[in-house]
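Working notes for the structure below.
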Amino acid sequence: VRTACVHRILDIDLDRGLVVCEPGVRFGALLAALKPHGQTIGLVPSTAPTATVGGAASAHALGTGSPKFQSFGDEVAGLDVVLANGERVQTGSAASSQAGFFQRYCIGPDVTGLFLGADGTLGVVVAVALWLHPLPPDRETVCYGFPDADSVQRCIMEIQRRELVNNIWYAGAYEAPTIQTRIAQAFPDKPMDNLPGFALAIDYRGEAESIEQDETRIAEIAKSCGGDHFPDFNEAYFNKLRNEEIYWYSYAGFFAISRCAILMSSVPTDKLTAFMDVIGQQRKNFPQYPLGAAIVMCRRGLHGGALAFYDEASQWQGANTAMEECARALVAAGCVPYKSGKVWAEQVESFGPYSSLLKQLKQELDPNGILSPGDLGLANRK
Ligand SMILES: Cc1cc2nc3c(=O)[nH]c(=O)nc-3n(C[C@H](O)[C@H](O)[C@H](O)COP(=O)(O)OP(=O)(O)OC[C@H]3O[C@@H](n4cnc5c(N)ncnc54)[C@H](O)[C@@H]3O)c2cc1C
């Protein structure tokens with residue numbers, strides 16, 4: 001089923017504070033349509049120009065908005081879904097056609113959640129209702145450098161514990177190789193021997209005064225964890241990345257020369273160092289795939305991505321094996337699958353009672369296995 005061709009914005013309801021759109025709407029188009037109203041949505045993936053709202057809902061998008069709002073699913077007010085038997089169902093308050101979308105949690109259990117992150121295995125999403133938020137008036141990017149992963153882990157835990165996240169629309173942690181590459185590119189004459197081992201980069205958005213207050217508090221927390229302001233990284237990389245949104249385009253460059261295998265996991269903040277240990281071990285095991293770590297701070301916990309760039313023609317099988325081994329090691333380290341798809345199928349199946357409940361739901365909703373066969377460890381087409 002191709003849903004990319006279904007791309008109308010059906011309703012921008014400023015009174016209810018939500019936008020309803022078809023699944024093929026791309027984020028770039030949606031943000032442009034909301035801007036004249038002074039509104040935005042909570043969660044925007046970094047692949048926004050091409051990523052669709054339906055894909056984001058079905059694959060748990062993350063990115064801009066994760067520190068403040070957590071996950072794409074948390075911003076969904078309700079869904080319109082076509083089931084495998086052709087029946088159409090509206091979830092949340094829209095189950096009542098007189099009411100329409102305005103509340104997600106009502107009537108009974110959260111049926112909306114059944115289809116979020118389901119990778120299309122349980123139904124086809126034909127409309128998504130998303131909460132609107134006012135466009136923040138001011139913005140500032142700030143970077144902090146730390147000696148190692150342990151110190152940045154402690155800093156993020158403290159920021160989350162004190163809930164200093166309301167003005168943080170994006171925060172990423174960057175490891176030493178990324179820092180060294182970016183600084184060397186921007187400042188070729190700078191000495192490289194005393195660069196931080198880890199960086200935390202924050203994109204603050206909100207009222208200027210409120211941003212300043214939070215920045216002061218977070219700088220104090222960073223200092224108490226052994227960190228300090230790291231303006232060079234902001235100037236060399238992060239400010240441009242966020243303000244000019246070059247992350248939207250950088251992926252096109254990657255994909256032009258190679259393919260990228262990405263394995264997203266949810267990482268408890270206290271396991272950031274364990275996550276980095278897994279990445280380090282996989283680099284030793286598979287030196288042929290340059291493995292990158294991408295860490296995004298959420299309201300609670302983190303998302304950790306392992307990215308491997310490979311040549312499609314000659315390395316597909318090997319890259320797949322490397323990712324499967326990485327998936328096993330991450331679960332053993334206390335991380336869990338995020339954006340599950342097929343690569344995590346073996347791990348999802350290993351979560352006994354959870355997996356068997358998923359299979360029962362699949363059997364009930366899609367007995368012939370026609371929807372996204374194989375994803376989430378669910379049976380292949382019969
Ligand atoms: C380098 C790189 C960076 C990335 N960065 C991010 C990021 O920052 N944030 C992020 O969230 N992701 C990220 N991704 C993951 C993901 O590939 C992108 O978000 C991607 O753009 C999603 O594409 P899409 O919206 O077209 O969804 P698709 O890839 O088309 O679909 C995603 C899943 O949803 C299902 N689906 C799609 N539409 C529907 C529908 N209408 N009903 C039911 N199921 C449906 C599909 O079957 C599939 O299982 C990244 C990937 C790479 C390689």
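Among the residues of segment 101-126, the ones that are within 16 Å of the ligand (Cβ to nearest atom) and among the hydrophobic types (A, V, I, L, M, F, W, C) come to 9 in all.
If you filter segment 245-290 down to residues that are open to solvent by 60 Å² or more (accessible area, probe 1.4 Å) and either touching a Gly at 6+ places or on another chain (Cβ under 6 Å) or modelled with pLDDT of 90 or more (or both), you find that the one that is nearest to the ligand (Cβ to nearest atom) is Ile262. Quick one: in segment 13-28, of everything that is out of contact with any strand residue (DSSP E or B) (no Cβ under 8 Å at 6 or more places or on another chain) and either of a type outside the set (Gly, Ala, Ser) or open to solvent by 40 Å² or more (accessible area, probe 1.4 Å) (or both), which residue is nearest to the ligand (Cβ to nearest atom)? Among those residues, the one meeting the criterion is Arg16. Scanning segment 367-380 for residues being away from the ligand (no atom under 12 Å from the Cβ) and assigned to a loop (DSSP other than H, G, I, E, B) gives a total of 6. The number of residues in segment 41-59 being more than 6 Å from the ligand (Cβ to nearest atom) and either at pLDDT below 95 or buried (at least 22 other Cβ atoms within 10 Å of the Cβ) (or both) comes to 7.
Take Lys359 and tell me if it is touching an Asp or Glu at 6+ places or on another chain (Cβ under 7 Å) and either open to solvent by 70 Å² or more (accessible area, probe 1.4 Å) or among the hydroxyl-bearing types (Ser, Thr, Tyr) (or both). For Lys359, the condition - touching an Asp or Glu at 6+ places or on another chain (Cβ under 7 Å) and either open to solvent by 70 Å² or more (accessible area, probe 1.4 Å) or among the hydroxyl-bearing types (Ser, Thr, Tyr) (or both) - is not met.
For segment 145-188, the set of residues classified as basic (Lys, Arg) and closer than 27 Å to Phe72 by Cα consists of Arg154, Arg161, Arg162, listed by residue number.
Would you say Leu10 is assigned to a strand (DSSP E or B), out of contact with any Phe, Trp or Tyr (no Cβ under 8 Å at 6 or more places or on another chain) and more than 8 Å from the ligand (Cβ to nearest atom)? Yes, satisfied.
The values are calculated or read from the model by the stated rules, or taken from the named source; none is laboratory data. Values in this document were obtained by computation on a predicted structure and should not be read as measured data. Using ideal geometry, Cβ is built from the backbone for each residue, glycine included, and neighbour counts are taken over all protein chains shown. Areas reflect the complete protein model, heavy atoms only, side chains present, ligands, DNA and RNA absent. Shrake-Rupley method; radii C 1.70, N 1.55, O 1.52, S 1.80 Å.
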